[in-house]
Amino acid sequence: MKTIIETNNINKSYGAVTALHDINITVNDGEIFGLIGPDGAGKTSLIRILTTLILPDNGSANVLGLDIINDFKSIRNEIGYMPGRFSLYQDLTVEENLKLFATIFGTTIEENYDLVKPIYSQIESFKNRKAGQLSGGMKQKLALSCALIHKPKLLILDEPTTGVDPVSRKEFWDMLKDLKKAGITILVSTPYMDEASLCDRVALIQGGKILSVSTPQSIIDAFPKKLYSISADNMHKLIIALRNFEFSNTVFTFGETVHYTDRRNSVIQTGEIMKYLQNNDLKEIKINEINAGIEDCFMEMM
Amino acid sequence: MKRFWGFVHKEFLHIFRDKRTLIILFGMPIIQILLFGYAITNEVRNANIAILDLSKDAVTNSIINKISSSGYFMIYDNLDNLDEIETVFKTGKVKEVIVFESGFAQKLKSNKKAEIQIITDATDPNTGTTLYFYTSNIIKNYQMEINLVQQPFLNIIPEIQARYNPLLKGVYLFVPGLITIILMLVCAMMTSISLTKEKELGSMEVLLASPMKPFLVIISKVIPYLILSLIISTVILLIGHYNFGVPIRGNLILLYLEITLFIITALSLGILISTKAQTQQVALMVSLAGLMLPTILLSGFIFPIENMPLPLQIIAHINPSTYFMIIVRDIMIKGSGLEFLWQETAILIGITLVLIIASIKNFRIRLQ
């Protein structure tokens, strides 16, 4: 398997703040690699280093076999990059933006139309509309079209689905899958844990450190404890009660329920927890053992 | 090259889509030149003057007649001695005093020359200068008339004394100053803003991650402003020349070459600002405070440099506007050629080179 991106102990700090600490990841040819982490985890810094936009303090990295420091010009020719913020020209129309980026990459819209067609055709009816007047989802499609216009081997996307509605998010991931089929390697960052399962492999990143790199399934499989979903009539009281429970390990709210792990590794009597909660004046208590998600793994590793 | 022109095209689209800026770009120079032209007008009519005729002979009489019948002057008072000059100026009723030396006709006849002293109230340097020019012109005309029939030539020497502002550096030649200000504004301010705009809106990030050479991004950005500035300069020159009769005596090609040189100076200043400023607001403030004020106040446009305290004089001497204003003024008004202006031109080229080198050094090929 060919390696598309390889980093060696990349460090980056801004003044006293360490943004990245000894980052080692490899991205293989033809996969969708997810960089999953909360805001401020260091995702954008790492992506900007890989897109040659900023320099690491130390460490090295290869992108498409090219050194990010010495061969930055060649890398800029080869990759497609879509920053986290909508960065096209809002006062130019959809078509003018696409044409401009085609010209910048020394190509034409027609030349690589087959690649962008599935995406661009969705917004083509708005081609005379100014980019600034597009909806969030349409802006993303235009930005993706512009990033793809030169048929890059590697597509790097920084939080492409942040602030996009759920329907557009799903559409967007479907598009990424199609691009993967077209042979493009994709590095994508996201703060949404549920999107991890859509990637082939993910790196969990937090506080500038990589917590784990693996397939989403093996990360979930490696979850070390039994996980319980607990609900009751009073959420607030439930959390306090669980946190004060003598064997409690982690207690996190998860939508309408609380995800709970126990400190004991042996088989846990759910009746014991039930009894403890009833003693704490909680009613309508439900306790179910569930499979861990990526978010649970993330919380466990933090 | 295709990339480059594609980018220039995009830059023009930005400019033409931004109607408000476009109106400011073209409206402001026109409004300014009209305001300057009408508010600081060169036309002085029926100005009150006083005559001190120490000779009272036929020649002085006919000169006084010429002056009073010119339509520009009203003889408000006839003085008897030199002490009265100060008094009559202090009343503020009189803008100019003309003094004929004693034995005027006699001296003209025997020495072939005689002196007239023209003393103006230069608290308003504009009017003072204008009055002086009118008076000396009338005297010159008279001199030519008598010399037609007289050999050898007789010489009447007008001696100027501008009271209260002896250097008489005024605003009367507003067109060169205005061109300088407008070019500074359009080139330096607009480029620095539009370059920082790319940074602020994030499009610079995409451009940097693309094969587009950062240097080309900048060049393609300044080209539209260069063209726009040349058009605006032409508009100012046309209005100045046809509406206000400001002469353009020198070589027009030289004038345009110098204008282009100054545009490049201002553009590189704009680029330099944009390499440092992170937001459009900062770029705007720096351009306004750092460029506009010195251009208006510290370039000799409004206040004579010679009268400034030393620190300000130093600023004025490294200010490219100072030299450009001299160049434009001399080409337009004096009709000077490069043989007289090579020094200023060389300094301007030098400043421009320094600015270009500084902006290249400061330009970043990455985000930080």
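The values are calculated or read from the model by the stated rules, or taken from the named source; none is laboratory data. Nothing here was measured: the structure is a model prediction, and the numbers come from that model. Every residue, glycine as well, gets a Cβ built from its backbone with ideal geometry; the counts of neighbours run over all protein chains shown. Note: areas computed on protein heavy atoms with side chains; ligands, DNA, RNA excluded. Shrake-Rupley method; radii C 1.70, N 1.55, O 1.52, S 1.80 Å.
The table below lists the values:
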| item | result |
| --- | --- |
| Residue among B:LYS107, B:LYS56, B:LYS2, B:LYS19 that alone is over 21 Å from B:ALA122 (Cβ atoms) and open to solvent by less than 80 Å² (accessible area, probe 1.4 Å) | B:LYS107 |
| Tabulated pairs, the stretch A:48-64, first in contact (Cβ under 8 Å) with a residue 60 or more places away in the chain, second in a loop (DSSP other than H, G, I, E, B) and small (Gly, Ala, Ser), C-beta under 8 angstrom, 6+ apart or interchain | A:THR51/B:ALA209 |
| Complete set of residues in the stretch A:89-98 that are of a type outside the set (A, V, I, L, M, F, W, C) and open to solvent by less than 30 Å² (accessible area, probe 1.4 Å) | A:TYR89, A:THR93, A:ASN97 |
| Residues of the stretch A:101-110 that turn out to be within 14 Å of B:LYS2 (Cβ to Cβ) and without any contact (Cβ under 8 Å) to a residue 40 or more places away in the chain, as a count | 3 |
| Residue match in the stretch A:202-209 (condition: farther than 19 Å from A:ASN280 by Cβ, touching a Pro at 6+ places or on another chain (Cβ under 8 Å), assigned by TED's automatic domain parsing to the domain that holds A:LEU176 and crowded, with 20+ Cβ neighbours inside 10 Å) | yes |
| A:GLU295 being within 30 Å of A:GLY208 (Cα to Cα), open to solvent by 60 Å² or more (accessible area, probe 1.4 Å) and not in a strand (DSSP E or B) | yes |
| Pair list, Cβ < 7 Å and 6+ apart or interchain, from the stretch B:161-189 residues that are of a type in the set (Ser, Thr, Tyr) to residues that are surrounded by fewer than 21 Cβ atoms within 10 Å (Cβ to Cβ) and modelled with pLDDT under 85 | B:TYR164/B:THR123; B:TYR172/B:ASN42; B:TYR172/B:ASN126 |
| Matching helices (runs of 4 or more DSSP H) fully within the stretch B:237-342 where at least 3 residues are closer than 24 Å to B:LEU353 by Cα and over 16 Å from the mean Cα position of the chain (by Cα) | B:252-276, B:280-286, B:310-318 |
| Checking B:ILE116 against (1) open to solvent by 30 Å² or more (accessible area, probe 1.4 Å); (2) over 26 Å from B:GLY37 (Cβ atoms); (3) at pLDDT 80 or above; (4) in contact with a Ser or Thr (Cβ under 9 Å, 6 or more places away or on another chain), the condition it does not meet | (1) |
| A:GLY132 surrounded by 22 or more Cβ atoms within 10 Å (Cβ to Cβ) and either free of Cβ contacts under 8 Å to residues at least 40 places away in the same chain or within 11 Å of another protein chain (Cβ to nearest Cβ) (or both) | no |
| The stretch B:205-230 - residue that is in a helix (DSSP H, G or I) and without any contact (Cβ under 8 Å) to a residue 40 or more places away in the chain and, of those, farthest from B:GLN278 (Cα to Cα) | B:LEU230 |
| Strands (runs of 3 or more DSSP E) enclosed by the stretch A:32-91 - at least 2 residues per element that are facing chain B (nearest Cβ under 10 Å) and more than 13 Å from the chain's Cα centre (by Cα) | A:79-82 |
| Residue within the stretch A:40-51 that is under 20 Å from B:GLU205 (Cα atoms) and touching a Lys or Arg at 6+ places or on another chain (Cβ under 6 Å) present | yes |
| Number of positions in the stretch B:80-104 that are under 25 Å from B:ALA58 (Cβ atoms), open to solvent by 60 Å² or more (accessible area, probe 1.4 Å) and touching a residue at least 40 places away in the same chain (Cβ under 8 Å) | 1 |
| Any chance A:ILE219 is touching a Cys at 6+ places or on another chain (Cβ under 6 Å), touching a residue at least 12 places away in the same chain (Cβ under 8 Å) and farther than 25 Å from A:ALA143 by Cα | yes |
| Matching residues in the stretch A:251-292 - criterion: being in a helix (DSSP H, G or I) and touching a residue at least 12 places away in the same chain (Cβ under 8 Å) | A:THR270, A:ILE273, A:MET274, A:TYR276, A:LEU277 |
| Residue in the stretch A:183-192 that is assigned to a loop (DSSP other than H, G, I, E, B), assigned by TED's automatic domain parsing to the domain that holds A:ILE32, closer than 30 Å to A:THR108 by Cβ and more than 17 Å from the chain's Cα centre (by Cα) present | yes |
| Pairs where the first residue, in the stretch B:109-135, is under 18 Å from B:VAL94 (Cα atoms) and the second is open to solvent by 40 Å² or more (accessible area, probe 1.4 Å) and modelled with pLDDT of 80 or more, C-beta under 7 Å, 6+ apart | B:ILE118/B:TYR132; B:THR120/B:LYS95; B:THR120/B:TYR132; B:ASP121/B:LYS95; B:THR127/B:LYS95; B:LEU131/B:LYS95; B:TYR134/B:TYR72 |
| Out of A:PHE101, A:PHE72, A:PHE86, sole residue that is open to solvent by 10 Å² or more (accessible area, probe 1.4 Å), closer than 30 Å to B:LYS19 by Cβ and in the same structural domain as A:LYS130 (by TED's automatic domain parsing) | A:PHE86 |
| Condition met for B:SER62 (more than 30 Å from B:LEU178 (Cα to Cα), hydroxyl-bearing (Ser, Thr, Tyr) and either modelled with pLDDT of 85 or more or assigned by TED's automatic domain parsing to the domain that holds B:LEU183 (or both)) | yes |
